[in-house]
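The values are calculated or read from the model by the stated rules, or taken from the named source; none is laboratory data. As the structure is a prediction and not an experimental result, all values here were calculated from the model. Ideal geometry is used to build each Cβ from the backbone, glycine not excepted, and the neighbour counts take in all protein chains shown.
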Amino acid sequence: MESIAKKIKFTCPKCKSEHMITCYEQIGPDMKEEVMNSSILQWDCESCGHKVKLVYPTIYCNIEKECVVFLRPNAADASCITENEKELFKGFTMRLCKTADTFVEKVRVLEAGLNDRAIELLKLITFAKIHVENDTMQDIYFYRKSESGSLEFTLMYEDNIDGIDIDQAMYQNVLNIVTEELPQLDDDVHCIDLNWAGAQVV
């Protein structure tokens, strides 16, 4: 699937100047780097330099890897995905994301060939462990798989950002739990995030 862009009129929230900006109805692997570094969802005002995070409905699809990620800002659940869309991507790994950050993260996970259910459970374990020692921690996001095979995560605190490397062996342990103990997902759109992970351990 190739990327399809369109121009829309946008008003800078800081200086109120009007500009034509580029948004994407769909995004393909030809622009995966721009997704994974978040630049495709950021706009810098040409008049005042103000940086704006763009959040709008779009999809990322890699046909070769048979995965599609829907970005539907503030959606309540997967009912926002039409039956036609589901039929179009039948047999694919279909994921729903509600924020730009989780959309970027999900593309990183799937492009790295990782199991996103295992990643979310691994994030939950890591978050819980660190939060006990530092309750200013607010969130955790998968960043990338390093050349050595370890998994790198970004840690978001109230006043700073940090990172942590997690050994591949720990990921494999969690992956074994997912494949052996959790039911297989049906062929539908699923929102696999920290809320999903929390529901698995209740």
Identity of the residue in the range 57-82, at pLDDT 95 or above and over 23 Å from C23 (Cβ atoms), that ends up surrounded by the fewest Cβ atoms within 10 Å (Cβ to Cβ)
E64
Can you name the number of the only condition in (1) over 15 Å from the mean Cα position of the chain (by Cα); (2) hydroxyl-bearing (S, T, Y); (3) more than 20 Å from N195 (Cβ to Cβ) that T126 fails?
(3)
Counted residues, the range 12-38 - those being of a type in the set (S, T, N, Q) and either surrounded by 13 or more Cβ atoms within 10 Å (Cβ to Cβ) or touching a Cys at 6+ places or on another chain (Cβ under 7 Å) (or both):
3
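Mind checking which helices (runs of 4 or more DSSP H) fall wholly inside the range 103-202 and carry at least 1 residues that are hydroxyl-bearing (S, T, Y) and at negative phi?
Per the criteria, 116-133, 168-181.
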Selection from the range 78-135 of residues closer than 15 Å to M36 by Cβ and among the aromatic types (F, W, Y) yields F103
Please enumerate the residues belonging to the range 111-159 that are small (G, A, S) and within 18 Å of D101 (Cβ to Cβ).
A112
